[in-house]
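See below for the structure under consideration.
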Amino acid sequence: KDLAGKVSKKIGTMKALPEWILNGAIVGLQGGQNFINQIYNQLKSAGLPMAAIWMQDWVGTNVYPEGERLQWNWQLNTTYYPDWQDLVKGWSEDGVKPMIYINPYFANLTGSSHLRQN
C-alpha cells in the first residue's frame, strides 16, 4: 500500500471513469458486422442495458498456421465492417458506444498471402 501511494504521488492517479460506462454492460463481440448486428439486436430485444460494444476485430484478421490473429495495421477493415458509420450511428441512438482494441504492435501486411478474405 505504501509503494502504491509513492507511485501515485510520482505519476498520478487514474481519472474517474466516465459516467456513461455505468449505464450497462460492455459487451465484447467479434465476427464482423452481420454477426455483431445479430447479437446486438438479440441483446437489445432481451432488454439488456448496454453501455458499449467492444470489438477487437475491427481491423480484420489474418490466419496463420498457429491460429487467427488481428491484422495489426490499425485501419478499419471494410470487408468485416462495410457500414461502420451506420452501425455506430444506430448504437449511438440507443446510447451505446463503440469500443475498439488497439495495441502498440504493427504488422507489415504488404504482400501477405495469409490474409483471410470474407
Review point. Which one is farthest from P49 (Cα to Cα) among residues in the range 1-23 that are among the charged types (D, E, K, R) and under 30 Å from the mean Cα position of the chain (by Cα)?
Key: K15
Review point. On the given criteria, is N77 at pLDDT below 85 and not small (G, A, S)?
Key: no
Exercise for review: Pairs only if they're at least six apart or on different chains, beta carbon under 6 angstrom, first in the range 34-52 and within 21 Å of T79 (Cα to Cα), second open to solvent by less than 80 Å² (accessible area, probe 1.4 Å) and not in a helix (DSSP H, G or I); list them, first residue then second.
Suggested key: I36/L29; I39/L29
Exercise for review: Restrict the check to the range 89-107 and report whether at least one residue is among the β-branched types (V, I, T), over 13 Å from the mean Cα position of the chain (by Cα) and modelled with pLDDT under 95.
Suggested key: no
Revision key, fill the gap. Output for Cβ contacts, cut-off 6 Å, separation at least six or different chains, first residue basic (K, R) in the range 81-97, second open to solvent by less than 80 Å² (accessible area, probe 1.4 Å), reads K97/A52
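The values are calculated or read from the model by the stated rules, or taken from the named source; none is laboratory data. Just so it is clear, the model here is predicted, and its values are computed rather than measured. Methodologically, a virtual Cβ is constructed for each residue, glycine included, from the backbone with ideal geometry; neighbour enumeration extends over all protein chains shown. SASA here: full protein model, heavy atoms, side chains in, ligands and nucleic acids out. Shrake-Rupley method; radii C 1.70, N 1.55, O 1.52, S 1.80 Å.
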